[in-house]
């Protein structure tokens, strides 16, 4: 069965929209910075960042859903990413988010993640909503708690190292952890 999410969502604070090739400078800066890239597989050079961005854009074509670019409604500056991620071989359809430090410090991250989570609940209403967060990513763990996420066991997530599985309310709960290795 093919699922689809709206290609853009918004509230009074943020716009969630498709990523585009014009977002490459933000992507290069974010993934080129060790402080922000450390929980997402590590630093990427410009070519690697471009390929990663291309995979995120292509995810929408291949799956009918994907991660959104998050834009501040007032300034129109990119704030990060949130949405659904399910590349081939991934253990489950995952609710994902990553934001700039400034977005975590304001309400932009919370507004964007709530908006994406609400859309995911609507589109995938019969499925568990699960996320994976690196145990050292305090900002992401705090946001997961604000979203009423339940933190579960820590387990390896492929080559990305240990991650904490998070289940979000309003979804069908899973009785066991998905196989992550």
Checklist entry - Given the structure, is residue 73 over 16 Å from the mean Cα position of the chain (by Cα), more than 26 Å from residue 167 (Cα to Cα) and surrounded by 13 or more Cβ atoms within 10 Å (Cβ to Cβ)? => result yes
Checklist entry - Among the residues of the range 145-165, which ones are buried (at least 16 other Cβ atoms within 10 Å of the Cβ) and assigned to a loop (DSSP other than H, G, I, E, B)? => result 147, 149, 157
Next on the checklist: Could you tell me how many of the residues in the range 4-47 are over 22 Å from residue 63 (Cα atoms) and in contact with a strand residue (DSSP E or B) (Cβ under 7 Å, 6 or more places away or on another chain)?
Outcome noted: 2
Next on the checklist: Take the conditions over 17 Å from residue 99 (Cβ atoms), out of contact with any helix residue (DSSP H, G or I) (no Cβ under 6 Å at 6 or more places or on another chain), surrounded by 13 or more Cβ atoms within 10 Å (Cβ to Cβ) and at pLDDT below 95 and apply them to residue 3. Does it pass?
Outcome noted: no
Next on the checklist: Looking only at the range 82-105, count every residue that is free of Cβ contacts under 8 Å to residues at least 40 places away in the same chain, closer than 21 Å to residue 38 by Cα and surrounded by 14 or more Cβ atoms within 10 Å (Cβ to Cβ) and tell me the total.
Outcome noted: 7
Checklist outcome for this item: By residue number, the members of the range 92-112 that are outside any strand (DSSP E or B) and touching a helix residue (DSSP H, G or I) at 6+ places or on another chain (Cβ under 9 Å) are 93, 100, 101, 102, 103, 104, 105, 108, 109, 110, 112
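The values are calculated or read from the model by the stated rules, or taken from the named source; none is laboratory data. For clarity, every value in this text was computed on a predicted model and none was experimentally measured. Because the Cβ atoms are built from the backbone with ideal geometry, glycine has one as well, and the counts that use them run over all protein chains shown.
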